[in-house]
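Step one of this worksheet: look at the structure below.
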Amino acid sequence: MLQTVQTLSGEDCPTIDGGTKPAEALPKFTSKVWPVAAGMLSIALGKSIPCEANIFVDDDTKVPLAIDQTVALVLMIFEAQDAKEAEEAVAG
């Protein structure tokens, strides 16, 4: 998916692995591009990533996240959504 984003942006894409930090390693992969990448990921996974969720940089420390960290964060977002939906189904 990140390779597609880079291609659509007309940028090169180095080899990506779990330790790659896209915000550092990918040319012109900036906060303007992150929402597009997150949206593409949402579509690919069939789950919603909230617009306000920054999955590429830690909100508190402003340190870029590695792919493995982004995966863990996205899984936490999805788990929280699933828990909320289950709670609402029981209450509703």
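For the range 74-89, which positions are open to solvent by less than 50 Å² (accessible area, probe 1.4 Å) and under 12 Å from the mean Cα position of the chain (by Cα)? Within the range 74-89, Val74, Ile77, Phe78 meet the criteria. Taking first residues from the range 32-46 that are among the polar types (S, T, N, Q) and partners that are open to solvent by 60 Å² or more (accessible area, probe 1.4 Å), the Cβ contacts under 7 Å between residues at least 6 apart in sequence or on separate chains come to Ser42/Ser48. Among the residues of the range 4-55, those that are part of a loop (DSSP other than H, G, I, E, B), open to solvent by 80 Å² or more (accessible area, probe 1.4 Å) and on the phi < 0 side of the Ramachandran plot comprise Asp12, Thr15, Asp17, Lys32, Cys51, Glu52. Residue count for the range 56-71, restricted to those that are under 10 Å from the mean Cα position of the chain (by Cα) and assigned to a helix (DSSP H, G or I): 4. When we screen Ala66, Ala53 for residues that are among the small types (Gly, Ala, Ser) and touching a Lys or Arg at 6+ places or on another chain (Cβ under 7 Å), the only hit is Ala66.
The values are calculated or read from the model by the stated rules, or taken from the named source; none is laboratory data. Predicted, not measured: the structure shown is a model, and the values here were computed from it. Backbone-built Cβ (ideal geometry, glycine too); neighbour counts: all protein chains shown. Side chains included, ligands, DNA and RNA excluded: accessible areas come from the protein's heavy atoms. Shrake-Rupley method; radii C 1.70, N 1.55, O 1.52, S 1.80 Å.
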